[in-house]
Structure formats: structure tokens, C-alpha cells
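Chemist: Dropping a structure here in C-alpha cells format, bear with me for questions.
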């Protein structure tokens, strides 16, 4: 299976701890997105990479959040000093980056974070 | 500010009948609309999309209709099958470099055998 993969699938942490999630996009996909989904809501955009460049960040992404995509392949999302409000499903998606508007984004299974 | 709205949290239909899922939006700058399906413990899966310059797009059992004047779109599934039971998200994009998706809150479809 060469779809988008995310690790870990589940993470339980205590408030104040740092956590890091990893996303491996579909090979050759230039665009990579992070979204966050809370209970009863649709996914909300967090940040976007074109290759290794982070081109847009949502205002939802506070200073405690940082994302990287070194070498334009996998990406990591780190949350420092976690808060209970960070509990959510973190979704990664990728797309080829050639088709422009409306291009299909392929989602990974997500990482479910629970902050105690 | 919910730019994409799905006002029906859930919908139940009988197998073989038509399922109609609705979505409203407020931003007239949206240029593409997409429907995603999500099963529990999985990420959303792309279903079908429509450009803002079209009013209908069909793919097998799935048809999306767009009414720009009403800022409304709908997804028709016919005939509905039990395997269609999932949460359906309506999403939209604004033309530009990012192509980020703006999602609605989802509708849980239950297809009864």
C-alpha cells in the first residue's frame, strides 16, 4: 500500500509534555497538508508545504506548534507544552501539485492525540 | 465563521433508495467543491468534486449538483448501499497557491439493509 502513512496512530500524553507526529506522503507528491479534527467538527487546515517550503500557516497554529518537511519528503508536526485543548485527530494529506485548483488530496489515517 | 455548513448531522435511508446530502456555503470565492467520505479510524477518502463553473458532475452512483445562486450543493447516492454508511464531508477550496480544503461539519449517513 503506497498511501499516506502517519505515526503514531495514537498518542496519550500528560499536559505540558512535547509530542511529535510523523507523516509520510505518497511518493512524488509535492504538496503536503496538516489538518486537525476535533469531535463533531470537520478537519481544519493547519499548515501547507510545497516541497520543503512551508508556504501557509493557519492562525490555529500557535507558537507551540511547529512543522517541518526536510528534503521535501516526510513531515513532522511537533506540539510543545501540550494542553488539554490540543486533544484531537491530526490528519496529514498530500497531493501531486500539478493539477492546480481542486486537486485531490489524499489523507492518511490520522494520529489521535489525548492530552491528560 | 463557518464558511461551509452541513446542517443535517445525520441521515438514515433504506438500502436501494436515494441518499441526498446537502451543503451550504457563504464564500462566493470558492472555486471547487469536493465530497469526502470517512469511516471510523480512517482518514477522509475523496469521493467526487465539481468546479464552480459546472452545475453537475456524475461518477457512477454518485452525482453532485451545484446551485451557485443559492450557494448550495448536494450529493446524491443512488442506489444507496450499506457500505455507503459513513460520515460525509463537504469541502471547498479558493483558487490560489495553497488549495487548502475548508470542510463542513459532516453528515453521518446510515444505510439500513
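Chemist: Per-residue mean of other chain beta-carbon atoms within 10 angstrom of the beta-carbon, peptide B:90-97?
Modeler: Across B:90-97, the average partner-chain Cβ count within 10 Å equals 3.
Chemist: Which length gain, in nm to one decimal place, applies between residue B:5 and residue B:110 when the Cα-Cα distance is subtracted from 0.36 nm times their residue separation?
Modeler: Length difference between fully extended and current span is 35.8 nm.
Chemist: Could you tell me what percent of the DSSP beta bridges with both partners in chain B are antiparallel, to the nearest 5?
Modeler: Around 90 percent of the beta bridges assigned by DSSP in chain B are antiparallel ones.
Chemist: Under 18 Å from a label point 7 Å along Cα→Cβ of residue B:14: give me every residue in region B:83-113 with its amide N that close.
Modeler: Inside the label zone: B:83-85, B:110-113.
Chemist: What order do you get for A:27, A:62, A:75 when you list them from fewest to most C-beta neighbours inside 10 Å?
Modeler: Fewest-to-most ranking of A:27, A:62, A:75: A:27, A:62, A:75.
Chemist: For chain A, what D do you get in µm² per second when you plug the Kirkwood radius from alpha-carbon pairs into Stokes-Einstein at 4 °C and 1.567 mPa s?
Modeler: The Stokes-Einstein estimate is 91 µm²/s.
Chemist: Still on this structure, I have one more. Restricting to Cα atoms and excluding each atom paired with itself, what does the Kirkwood estimate give for region B:1-110 in Å?
Modeler: For region B:1-110, the Kirkwood estimate is 14.0 Å.
Chemist: How crowded by other chains is A:104-112, given as the mean number of beta carbons from other chains within 10 Å of each beta carbon?
Modeler: 4
Chemist: Assuming R0 = 25 Å, can you tell me the calculated FRET efficiency for the pair residue A:68 and residue B:41, based on Cβ-Cβ distance, to the nearest 0.05?
Modeler: Plugging the Cβ-Cβ distance into 1/(1 + (r/R0)^6) gives 0.40.
Chemist: Another question about this same structure. What number, in percent, do you get for the relative contact order of chain B if the mean sequence gap of Cα pairs under 8 Å and at least 6 apart is divided by its residue count?
Modeler: It rounds to 37 percent for chain B.
Chemist: Multiplying the sequence separation of residue A:56 and residue A:14 by 0.36 nm and subtracting their Cα-Cα distance, what value in nm do you get?
Modeler: 12.2 nm
Chemist: To continue, here is another question. For chain A, what relative contact order do you get, as a whole percent, if you take Cα pairs closer than 8 Å and at least 6 residues apart?
Modeler: 36 percent
Chemist: Continuing with the same structure: In peptide A:42-48, how many Cβ atoms from other protein chains are near each Cβ within 10 Å, on average?
Modeler: That works out to 6 on average.
Chemist: Separation between the residue B:69 and residue B:57 pseudo-spin-labels, each 7 Å from Cα along Cα→Cβ, expressed in nm?
Modeler: Computed distance between label sites residue B:69 and residue B:57 equals 2.3 nm.
Chemist: Report the Cα centroid-to-centroid distance between region B:69-90 and region A:1-63 in angstrom, as an integer.
Modeler: Value for the Cα centre distance between the two parts: 26 Å.
Chemist: What percent of all Cα-Cα pairs in the protein assembly as shown falls into each 10 Å bin, going from 0 up to the bin containing the maximum distance?
Modeler: Percent of Cα pairs in each bin: 8, 33, 35, 20, 5, 0.
Coordinate-derived values only; no laboratory data. Computed from a predicted structure; not experimentally measured. For neighbour counting, all protein chains shown are included, and Cβ atoms are generated from backbone atoms with ideal geometry for every residue, glycine included.
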